[in-house]
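Report on one structure; see the data block that follows.
The values are calculated or read from the model by the stated rules, or taken from the named source; none is laboratory data. Everything quoted here is computed from the prediction, not taken from an experiment. Glycine gets a Cβ as well: all are built from the backbone with ideal geometry, and neighbour counts include every protein chain shown. Ligands, DNA and RNA are stripped out before the accessible areas are found, and what is left, the full protein with its side chains, is counted by its heavy atoms. Shrake-Rupley method; radii C 1.70, N 1.55, O 1.52, S 1.80 Å.
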Amino acid sequence: MAEIFENVSLRNLNTFGIESRARRFTRPKTKDELIAMLQQNPAAGLEKRVLGGGSNILITGDVDALVIRYDDVSMDVVRETDEHVWLRVGGGHNWHDLVVRCIETGLAGIENLSLIPGNVGAAPIQNIGAYGVELAEVFDSLEAVELSGGEVHAFSSEECGFGYRDSIFKNREKGRYLITDVVLRLNRKPDFRLDYGDIRSTLDAMGVEKLTIGAVSEAVCRIRRSKLPDPARLGNAGSYFKNPVITEKEFEKLRGKYPVMPGYPSGAGKVKIPAGWLIEKAGWKGRRIGETGTHEKQALVIVNYGMATGQEILDYSAGIAAEVESKFGITLTPEVNIW
Ligand code: FAD
Ligand code: NAP
């Protein structure tokens, strides 16, 4: 059974780099180890929390729980046709390493999701997305273990209730399961998505003559590196808030006042507004208060200059949300999971 440690520092296990201590901490490597640990219940009465790569959490104090970091990095092909390959991947596998592996073996579908930090088991939680692609498009199914008793459950795509940066695991079923395996249905023939942002111009600048999934991945990596802070150098958890989605009517009204406000059709009479634009116009881009700030190139990313506490970052984010609300009448909600 996986060893359980006490009073463990989480500083190097969250990309904000916040110091915090977990009362108990364990790293099972297999589903059997995880289930045995949950059923023998050595931490009875203690809340159980799942930690992946720690790239989408803000820890606001010590964690009075058993923190479980699932380390299964296995990967195997479960089915193949002329068009698709179904790959089962352990929840502890690093997401970007999986992308690289798929590119090396000619499997398309996740190249636009290059360089997203974190682990495969967390990818369905907010249906990770970037550069016009989201996980749901290649997702087949997942298996998850119920934290309360170790029971294994299977979920189809429909059952996961994927939405924009959302799934049942982020709301209705939050904290109930540990996702142990994800099955992706990847494509042998690429369906290139190049219309988002600077992908085409970056491919041109790279001098790409023959389009490949590797070239698209490289273009996405270059754009990301040029705009986003590397958590290894400057603590952050990516986009702090979700992009708000409002009605077309509300959008038109705001456009009357702010004619250059960007908005993207989001289905069913809704429009998605880039939260980074709202934050910038509210005057917070590049602002710094003590050890916390908003990144100079992307206002949606809150950064830890080194010694910020989780509470300071939370207070800073509340300041942003209050000013955006008062200026635009739009409520920002965190994308980051607050612990
Ligand atoms: P963690 O931060 O460890 O956990 C996030 C939440 O999921 C927590 O509530 C945790 O309890 C839960 N959880 C984690 N693993 C499991 C599991 N196996 N089973 C059940 N629950 C689990 N996100 C995007 O969608 N698109 C992007 O382009 C993107 N870019 C980013 C860029 C940077 C620089 C950073 C720092 C973050 C970015 N993110 C992005 C956010 C983040 O990387 C993703 O949400 C990622 O999927 C989080 O994975 P993780 O393993 O780090 O999860
Ligand atoms: P960006 O390209 O500057 O765009 C700003 C925002 O506008 C994005 O949030 C994006 O929404 C939206 N947008 C831009 N072009 C769009 C289009 N053609 N159609 C629909 N929506 C469009 O954003 P960025 O900060 O550099 O990030 C680039 C991509 O990486 C985005 O997809 C973003 O979601 C992703 N990313 C996510 C995180 C995270 O933590 N979640 C962190 C960094 C980057 P979408 O976000 O819906 O795409």
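Listed by chain and number, the lysines whose C-alpha is less than 16 Å from the C-alpha of Lys272, apart from same-chain residues fewer than 8 away, are Lys242, Lys249, Lys253.
Give me the number: length gained by fully extending Lys249 to Thr105, i.e. 0.36 nm times residue separation minus the C-alpha to C-alpha distance, one decimal in nm. Kindly include the intermediate steps, with their values, before the conclusion.
On the way: separation 144, 0.36 × 144 = 51.84 nm, distance 4.67 nm.
In short, 47.2 nm is gained.
For the cross-link pairs Lys31/Lys174; Lys48/Lys327; Lys170/Lys227, which exceed 30 Å when the distance is taken from alpha carbon to alpha carbon? From Lys31/Lys174; Lys48/Lys327; Lys170/Lys227, over 30 Å: Lys48/Lys327.
Residue separation times 0.36 nm, minus the C-alpha to C-alpha distance between Leu46 and Ile338: what's the value? Full extension from Leu46 to Ile338 adds 103.3 nm.
Based on the reciprocal of the average 1/r between different C-alpha atoms, the Kirkwood radius for the chain equals 21.2 Å.
Counting only C-alpha contacts under 8 Å and six or more residues apart, can you give the relative contact order of region 208-272 as a whole percent? It would help to have the intermediate numbers written out before the result.
Values: 30 pairs, mean separation 16.4, N = 65.
Averaging sequence separation for qualifying contacts and normalising by length gives 25 percent for region 208-272.
Toward the positive end of the charge dipole of the chain, with +1 on the Cβ of Lys and Arg and -1 on the Cβ of Asp and Glu, the farthest Cα among Pro334, Thr105, Thr294 is that of Thr294. Backbone amide hydrogens, once placed in the peptide plane, bring Asp166 within less than 5 Å of Asn127, excluding anything fewer than 5 places away on its chain. When only alpha carbons are used to place a centre, region 1-62 and region 97-140 end up 25 Å from one another.
Have a look at the DSSP beta bridges in region 235-338 and tell me what percent are antiparallel, nearest 5. Present the calculation step by step, with values, prior to reporting the outcome.
On the way: 14 of 14 bridges.
So the antiparallel bridges amount to about 100 percent of the total.
Positive end of the dipole of the chain (Cβ unit charges, origin at the Cα centre): among Gly54, Val183, Thr247, the Cα lying farthest that way belongs to Thr247. Computing FRET efficiency as 1/(1 + (r/R0)^6) for Arg193 and Glu83, where r is the C-beta to C-beta distance and R0 is 22 Å, gives about 0.80.
What Kirkwood radius, in Å to one decimal, follows from the Cα pairs of region 235-338?
Working: mean 1/r = 0.0713 Å⁻¹.
Kirkwood hydrodynamic radius for region 235-338: 14.0 Å.
Pair-distance distribution P(r) for region 4-68, from all Cα-Cα distances in 5 Å bins starting at 0: 4, 18, 29, 24, 15, 9, 1 percent.
Across region 248-260, coupling constants 3J(HN,Hα) worked out from phi with the 6.51/-1.76/1.60 Karplus curve, θ = phi - 60°, read 4, 5, 4, 5, 4, 5, 5, 4, x, 8, 10, x, 9 Hz, and Gly and Pro carry x.
With all protein chains present and a 1.4 Å probe, how do Val336, Val8 order by accessible area, largest first? It would help to have the intermediate numbers written out before the result.
Working: Val336 5, Val8 30 Å².
I get Val8, Val336, largest accessible area first.
Here the Karplus curve 6.51 cos²θ - 1.76 cosθ + 1.60, taken at θ = phi - 60°, turns the phi angles of region 175-191 into couplings of x, 8, 10, 10, 7, 9, 9, 10, 9, 10, 9, 9, 9, 6, 10, x, 10 Hz, with x standing for Gly and Pro. Computed from backbone phi, the HN-Hα couplings of region 291-301 come to 8, 10, x, 10, 4, 5, 9, 8, 5, 7, 9 Hz, rounded to whole numbers (Karplus: 6.51 cos²θ - 1.76 cosθ + 1.60, θ = phi - 60°; Gly and Pro given as x). Under a model in which nothing but the beta-carbon of Lys, Arg (+1) and Asp, Glu (-1) is charged, region 235-338 shows a dipole of about 400 debye around its Cα centre.
First check a/c for region 99-148, with a ≥ b ≥ c the square roots of the eigenvalues of its C-alpha gyration tensor; if it is under 1.5, answer rounded, and if not, answer prolate when a/b is larger than b/c or oblate otherwise.
Because a/c hits 1.5 or more and a/b exceeds b/c, region 99-148 counts as prolate.
The local environment of Val271, defined by Cβ-Cβ distances under 12 Å, has a net charge of +2 under the rule Lys, Arg +1 and Asp, Glu -1. Other residues within the sphere of radius under 9 Å centred on the Cβ of Ala65, judged by their own Cβ, net out at +2 (K and R +1, D and E -1). Taking amide hydrogens as placed 1.01 Å from N in the peptide plane, the amide H of Asp181 sits under 5 Å from those of Gly91, Glu143, each at least 5 positions away in sequence or on another chain.
With contacts taken as Cα pairs under 8 Å and at least 6 residues apart, region 264-334 reaches a relative contact order of 23 percent. Each of Ile289 and Met307 was given a label point 7 Å from its Cα along the Cα-to-Cβ line. The distance between the two points is 1.9 nm.
In terms of the Cα gyration tensor, with a ≥ b ≥ c the square roots of its eigenvalues, is region 13-152 rounded because a/c is under 1.5, prolate because a/b exceeds b/c, or oblate? Display every interim value, and only then the final one.
Working: a/c = 2.57, a/b = 1.53, b/c = 1.68.
Cα axes put region 13-152 in the oblate bin.
Here is the P(r) of region 75-187: all C-alpha pair distances, binned every 5 Å from 0, give 2, 12, 24, 27, 19, 10, 4, 1, 0 in whole percents. When the chain is treated as a Gaussian network with alpha carbon springs shorter than 10 Å, the biggest mean-square fluctuation among Ser266, Ser55, Ser114 belongs to Ser266. Applying 0.36 nm per residue to the separation of Val152 and Met75 and subtracting their alpha-carbon distance, the gain on full extension is 25.9 nm. Computed from the Cα positions only, the extents of region 157-253 along the three principal axes stand at 47, 43, 35 Å, in decreasing order. Beta bridges assigned by DSSP with both partners in the chain are antiparallel in approximately 85 percent of cases. Distance from a point 7 Å along Cα→Cβ of Asn12 to each backbone N in region 30-54: keep the residues under 17 Å and list them by number. Of the residues in region 30-54, 52-54 have backbone N under 17 Å from the label point off Asn12. Of all lysines in the structure, the ones whose alpha carbon falls short of 19 Å from that of Lys210, not counting any fewer than 8 places away in one chain, are Lys189.
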